[in-house]
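Novice: Below is one structure. I have some questions about it.
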Amino acid sequence: MKYFSLIWSALFRSKTRTLLTLLSVVAAFLLFGLLDSVRVAFNSGGSVAGADRLVVASRLSITQMLPYSLSARIDATPGVKKSAYAAWFGGIYKDPKNFFPNFSVGPGYMEMYPEYIIDPAQLKAWEADRTGAIVGENLAKRFGWKVGDTIPLQATIFPQKDGSNAWPLTLRGTFKLADSKRKGEENQLLFHWKYFDEANQYVNGQIGWYMVKLDNVNHATRVANAIDAISANSSHETKTQTEQAFNQSFAKQFADIGLIVTAIMAAVFFTLLLLTGNTMAQAVRERVPELAVLKTLGFTNGTVLVLVLVESVLLIVLGGVLGMAIASALIPVVSGASNGMIALPSIPAQTWGVGLALMVAIGLIVGALPATRAMRLKIVDALAGR
């Protein structure tokens, strides 16, 4: 582009103002990159095709429990290699601020997750201890727990049959994940469903969800439909889905991620429009005599219009790309701290596409009025200072 040096010089005519505006654009698109990536992660993964590990939960709500009697029928479904089950417990450690995922799990749960690395001796000790627990290494480090310690878990939903909220558990082992992007899954505690079932006051013979391992990933949809058909038209109809979709539905019990992201970004971009619009208007006002000189030298009205618009778009694109690049570098950190609910190595292509479109659109919008003014500028009036 033969006029690029001219546009670049005009853009950095006031370096301080331009740099401050760029920082604002960087911050806006950094936030957009992070939030929209989370939105995409929560809204993807709904199809069961190609998944070799599925979750069977209540069709009505994940807070509704399912009968334990479904276990044998699920295992007997053609295409199911093995299954396990779990139930949300929701206990806390000493203080409500010390919240972390904790579940009661049935036999074979750890076999469903071979990526969870645990010492075989510790696994055996846990399996033999009715009140034993295993935790992720991150959680153990967070509270300074060591194997053999008693963890005084406090119930927030399920008291014991004697009315006590105390559920003392003995730490029998810790597990870790080799994948650095999934380190957030090390912040969970697991104990035996049989102990939970026998000791809790309110629910017996019920579980929260089943995990199903398939013998062939290509049969995922067929197996999911067959499992859901078992409980069709019953009081406990099920919905079989991928782990990611299940995690999404779990998170949506607390908030609508898409709505939150949209509301936040609408406010951010509205503010950005006002800020960058004022910057471009001021920049063009300061350069009225220079624009008049350009027209005197033979630049047409259309060329001046394009020069100002390109300058505006370049300002937004520079800050936007830098902001999203920073967000892309931070995504693995966010993913690792999400307990497996967000599985993204970087910003999705969809978010990049929307981000680039927004950069161009915002650039054109904030540059439209200053560019129109520059196009309509009369040489005589400009040089005369009118």
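Novice: For the stretch 29-39, in order, what is each residue's ³J(HN,Hα) by Karplus, 6.51 cos²θ - 1.76 cosθ + 1.60 with θ = phi - 60°, in whole Hz (x at glycine and Pro)?
Specialist: Computed from phi, the couplings for the stretch 29-39 are 7, 5, 5, 4, x, 5, 5, 6, 4, 5, 4 Hz.
Novice: Give the calculated FRET efficiency between residue 165 and residue 141 to the nearest 0.05, with a Förster radius of 22 Å applied to their Cβ-Cβ distance. Before the final figure, lay out each step's value.
Specialist: Details: r = 26 Å, r/R0 = 1.18.
It comes out at approximately 0.25.
Novice: Something else now. Would you kindly state how much longer the chain becomes between residue 286 and residue 52 on full extension, computed as 0.36 nm times their sequence separation minus their alpha carbon distance, in nm to one decimal? Don't skip to the answer; put the middle values down first.
Specialist: Values: separation 234, 0.36 × 234 = 84.24 nm, distance 6.31 nm.
Going from the current span to full extension adds 77.9 nm.
Novice: What distance in nm separates the two pseudo spin-label positions at residue 216 and residue 111, each 7 Å out from Cα along the beta-carbon direction?
Specialist: Output for this residue pair reads 2.2 nm.
Novice: Still on this structure, please answer the following. Give me the percent relative contact order of the stretch 124-218, please, defined on Cα pairs under 8 angstrom at least 6 residues apart.
Specialist: Relative contact order for the stretch 124-218 comes out at 35 percent.
Novice: Then there is this: Mind checking the dipole of the chain: about its Cα centre, +1 per Lys or Arg Cβ, -1 per Asp or Glu Cβ, Debye to the nearest 20?
Specialist: Details: 35 positive and 26 negative charges, 289 e Å.
It works out to roughly 1380 debye.
Novice: Also, quick follow-up: Which listed residue (225, 296, 356) has the Cα farthest towards the positive end of the charge dipole for the chain, taking +1 on Lys and Arg C-beta and -1 on Asp and Glu C-beta about the Cα centre?
Specialist: My answer, from the dipole projection, is 296.
Novice: Please state, rounded to one decimal and in Å, the Kirkwood hydrodynamic radius that the stretch 85-202 gives when every pair of distinct Cα atoms enters the mean of 1/r.
Specialist: When all Cα pairs of the stretch 85-202 are included, the Kirkwood radius is 14.3 Å.
Novice: Report, for the chain, the % of DSSP beta bridges that are antiparallel, rounded to 5.
Specialist: DSSP beta bridges in the chain are roughly 80 percent antiparallel.
Novice: Roughly what % of DSSP beta bridges within the stretch 112-180 run antiparallel, to the nearest 5?
Specialist: Numbers: 8 of 13 bridges.
So the antiparallel bridges amount to about 60 percent of the total.
Novice: Let's test the formula: R0 of 30 Å, r as the Cβ-Cβ distance of residue 15 and residue 271. What FRET efficiency results, to the nearest 0.05?
Specialist: 0.85
Novice: Only Cα pairs under 8 Å and at least 6 apart count here; give the relative contact order of the stretch 142-197 as a rounded whole percent. Walk me through the intermediate numbers first.
Specialist: On the way: 47 pairs, mean separation 15.8, N = 56.
The value is 28 percent.
Novice: Can you give the Rg and Dmax of the stretch 138-236 based on its C-alpha atoms, in angstrom?
Specialist: Spelled out, the Cα radius of gyration and Dmax of the stretch 138-236 are 18.1, 49 Å.
Novice: Could I ask something else about it? Once fully extended, how much extra length lies between residue 202 and residue 329, figured as 0.36 nm per residue of separation less the alpha-carbon to alpha-carbon distance?
Specialist: Full extension from residue 202 to residue 329 adds 41.1 nm.
Novice: Straight-line reach from residue 176: which lysines have Cα under 16 Å away, leaving out those fewer than 8 places along the same chain?
Specialist: Leaving aside lysines fewer than 8 places away in the same chain, those within reach of residue 176 are 141, 146.
Novice: Can you list residues from other chains, or at least 5 along the same chain, whose modelled amide H is less than 5 Å from the amide H of residue 170?
Specialist: Amide H neighbours of residue 170, under 5 Å, 5+ apart: 132, 133, 151.
Novice: Using helices alone, what [θ] at 222 nm do you get for the chain, with -39,500 (n - 2.57) per DSSP H run of 4 or more residues, divided over all residues and rounded to the nearest 500?
Specialist: Roughly -16500 deg cm²/dmol at 222 nm, from the helical runs in the chain.
Novice: Students often get this wrong, so try it: which of [x] 22.2; [y] 24.8; [z] 21.0 is Kirkwood radius over Cα pairs in Å as calculated from the structure shown?
Specialist: Label [y] holds the value from this structure.
Novice: Could you run the Karplus curve 6.51 cos²θ - 1.76 cosθ + 1.60 with θ = phi - 60° over the stretch 155-172 and give me ³J(HN,Hα) per residue in whole Hz, x for Gly and Pro?
Specialist: Result, rounded to whole Hz: 6, 10, 10, 10, x, 6, 5, 7, x, 6, 8, 7, 10, x, 10, 9, 6, 10.
Novice: Could you please tell me the mean projected area of the C-alpha convex hull for the stretch 24-147, averaged over all directions and given in square nanometres to one decimal?
Specialist: For the stretch 24-147, the mean projected area of the Cα convex hull comes to 12.2 nm².
Novice: Another question, then. Which residue fluctuates the most in the chain, going by a Gaussian network model with Cα springs under 10 Å, if the choices are 304, 55, 40?
Specialist: 304
Novice: Just grab the label-to-label distance for residue 373 and residue 234, each label 7 Å out from Cα along the Cβ direction, in nm (one decimal).
Specialist: Each label point lies 7 Å from its Cα, and together they span 7.1 nm.
Novice: What spacing in nm lies between the two simple spin-label points modelled at residue 301 and residue 82, each 7 Å away from Cα in the Cβ direction?
Specialist: A separation of 7.8 nm, rounded to one decimal place.
Read the figures in this text as sums done on the coordinates, not as results from a lab. Everything quoted here is computed from the prediction, not taken from an experiment. Cβ sites come from the backbone with ideal geometry, for glycine too, and all protein chains shown count toward neighbours.
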